[in-house]
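Asks: This is the structure, below, for whatever I ask next.
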Amino acid sequence: MATKETKQRGRPRSFDRETALEQAVRSFWEQGYEATSISDLTRAMGISAPSLYAAFGDKRALFDEVVAEYGRLYGGFISRAVAEEPTARRGVERALREAAAEYTAPGRPRGCLVISAALNISPASAEVAASLREMRRSNLREIASAVRADVAAGELPADTDADALADYVGAVIQGISQQARDGAERTALEAVVELAMRAWPETAAESRSAAGARPAP
């Protein structure tokens with residue numbers, strides 16, 4: 001009997017874990033955390049409930065892994081854009097344009113999982129909502145830090161409110177995500193980006209140029 005049990009534990013899984021995880025990502029991305037049931041997940045992943053629990057733990061543990069996988073495959077572009085571009089403005093504009101492209105990419109759900117998965121969530125899942133909210137706030141802190149660096153370098157006016165500007169960018173990104181879920185196409189969202197960037201404070205060079213272009217009184 002002991003030998004039989006050992007063989008049972010040592011048998012390889014009858015499903016591909018990575019493929020199953022990809023399907024879980026799609027399910028949570030499309031339906032959100034609360035609306036996605038275990039039966040939804042097992043049907044999409046092509047596995048039984050016992051197999052799901054054995055391989056991934058409970059629904060919350062699976063969702064945590066899903067969010068990490070989503071970040072690895074589809075997310076992270078906001079942080080990269082802000083970190084890699086020489087100014088906050090260029091980083092934000094790149095991030096917004098990439099959001100317009102990523103959130104409307106063919107062959108996968110629309111919008112951003114980190115933004116939409118916790119909509120209409122119950123108090124019982126408050127920890128999930130808090131975790132996703134902290135991920136979004138982390139991006140805003142990075143943007144605000146880049147804005148402060150530009151203020152210190154004289155690239156932006158000294159009275160620029162870095163936190164408010166970061167919150168504004170966050171609101172635009174969330175709007176792009178929701179518009180994408182509502183069916184907006186990439187070109188329409190890129191037009192939104194153009195308009196959104198007009199609210200960005202003038203750089204020091206732009207201010208000097210504008211002042212020089214004004215006619216003398």
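Yes/no matrix, rows are residues, columns are (1) over 27 Å from residue 156 (Cβ atoms); (2) part of a helix (DSSP H, G or I):
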| site | (1), (2) |
| --- | --- |
| 62 | yes, yes |
| 68 | yes, yes |
| 98 | no, yes |
| 104 | yes, no |
| 108 | yes, no |
| 126 | yes, yes |
| 129 | yes, yes |
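Asks: When only residues in the stretch 118-162 that are open to solvent by 80 Å² or more (accessible area, probe 1.4 Å) and of a type in the set (Asp, Glu) count, which is farthest from residue 197 (Cα to Cα)?
Replies: Among residues in the stretch 118-162 that are open to solvent by 80 Å² or more (accessible area, probe 1.4 Å) and of a type in the set (Asp, Glu), the one farthest from residue 197 (Cα to Cα) is 127.
Asks: Keeping to the stretch 10-60, report how many residues are outside any helix (DSSP H, G or I) and either closer than 26 Å to residue 126 by Cβ or not aromatic (Phe, Trp, Tyr) (or both).
Replies: 16
Asks: Would you check if there is a residue in the stretch 143-151 being over 30 Å from residue 203 (Cα atoms) and in a helix (DSSP H, G or I)?
Replies: For the stretch 143-151, residues over 30 Å from residue 203 (Cα atoms) and in a helix (DSSP H, G or I): absent.
Asks: Of everything in the stretch 14-34, what is without any contact (Cβ under 8 Å) to a residue 60 or more places away in the chain, under 24 Å from residue 104 (Cβ atoms) and open to solvent by 30 Å² or more (accessible area, probe 1.4 Å)? Give them in sequence order.
Replies: 22, 23, 31
Asks: Of all residues in the stretch 152-177, count the ones that are touching a Phe, Trp or Tyr at 6+ places or on another chain (Cβ under 6 Å) and under 14 Å from residue 200 (Cβ atoms).
Replies: Number satisfying all stated conditions: 0.
Asks: Something else about it: Which of the residues that make up the stretch 75-93 are open to solvent by less than 60 Å² (accessible area, probe 1.4 Å) and at pLDDT 95 or above? Outline the logic, then answer.
Replies: From the stretch 75-93, those open to solvent by less than 60 Å² (accessible area, probe 1.4 Å) are 75-79, 81-82, 85, 87-88, 91-93; that's our starting set.
The answer is 77, 78, 79, 81, 82, 85, 87, 88, 91, 92, 93.
The values are calculated or read from the model by the stated rules, or taken from the named source; none is laboratory data. Everything numeric in this text was worked out from a predicted model, so none of it was measured. For neighbour counting, all protein chains shown are included, and Cβ atoms are generated from backbone atoms with ideal geometry for every residue, glycine included. Only protein heavy atoms, including side chains, enter the accessible area calculation; ligands, DNA and RNA are left aside. Shrake-Rupley method; radii C 1.70, N 1.55, O 1.52, S 1.80 Å.
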